[in-house]
């Protein structure tokens, strides 16, 4: 029996995609082999890779002067690859610190260049974004890095920062959840395991003028220009993850594209936040102006009820609602593959739980 999966990542995948992958698992396109057994250099797989890129370009309306890279190592590997590719060793780079993933990116970048934390949300306990008027951006930063959506804390920017340096965004938990203007960014990167596909893949979208700047000593598999020149096949890529991502991109197109998907995501988030705000029993700690559509943390009025809530939710087929260990409470992740029926079921369960225990 399928359950409603609210995991933050690896996260729910569209059922139609899983069923197609199941049907093709042992005999892909009449080859008598699984796609996992097909050479990444074969014409058949190269066609899959090219179609996946074409579909992603269409979904995000990616301009022609951007390269799309399919990488290994997840978004965490890019915490090091970004300064290696975009900043000389003595360069100054700006980072906005709005939560756990921003902090990890800052810590890694500090090993390679001078990091200026231009804005820091620690004083709000990472429940808001510092006012733009308080940001202390460098005059000659090699780039400005931010995390549009913090998966753990549930804080999301409602705007794209206006900066003079190339803007770099970790969109792991928000990419493909609504339309974006790619031309406003120098580099977008995203781990796959939330809205793209299974874990093991990272997508990077890099503006052409930022290629060819990798510092001496950068591993070839992390050199954006080298990877782009090899069509993301400098080494053997994660072929199954790439194939599955391609199926997800086709599914998103069949859903009506990102404008339609975005409206559904907005409705899911509004339903859950309304349930929380009107209850008097549940509480979301994030400044309402910066609440995430994708990751909704919430606390119960009595923390002693947390385990009871989780046990009963699991029994009701509502899975992976535990909050991150650093935050506690609950967290519901509402990625693209999470249907509105899942949020309706969660809302009904929360109201019934409140009636019985509140």
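Would you confirm, using the coordinates I've provided, whether residue 251 is buried (at least 18 other Cβ atoms within 10 Å of the Cβ), closer than 18 Å to residue 10 by Cβ and more than 15 Å from the chain's Cα centre (by Cα)? In short, yes.
Listed by position, the strands (runs of 3 or more DSSP E) inside the stretch 37-137 whose residues that are outside the structural domain of residue 287 (by TED's automatic domain parsing) and touching a residue at least 40 places away in the same chain (Cβ under 8 Å) number at least 1 are 66-71, 92-97. Note on the stretch 239-293: residues that are outside any helix (DSSP H, G or I), out of contact with any helix residue (DSSP H, G or I) (no Cβ under 6 Å at 6 or more places or on another chain) and within 23 Å of residue 341 (Cβ to Cβ) total 4. Being in contact with a strand residue (DSSP E or B) (Cβ under 6 Å, 6 or more places away or on another chain) and closer than 20 Å to residue 248 by Cβ narrows it down to one residue among 295, 284, 265; which is it? The unique qualifying residue is 295.
Yes/no matrix, rows are residues, columns are (1) surrounded by 18 or more Cβ atoms within 10 Å (Cβ to Cβ); (2) in contact with a strand residue (DSSP E or B) (Cβ under 6 Å, 6 or more places away or on another chain):
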{"position": "97", "(1), (2)": "yes, yes"}
{"position": "106", "(1), (2)": "yes, yes"}
{"position": "119", "(1), (2)": "yes, yes"}
{"position": "155", "(1), (2)": "yes, no"}
{"position": "162", "(1), (2)": "no, no"}
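The values are calculated or read from the model by the stated rules, or taken from the named source; none is laboratory data. Values in this document were obtained by computation on a predicted structure and should not be read as measured data. Note that each Cβ is placed from the backbone with ideal geometry, even for glycine, and that neighbours are counted across all protein chains shown.
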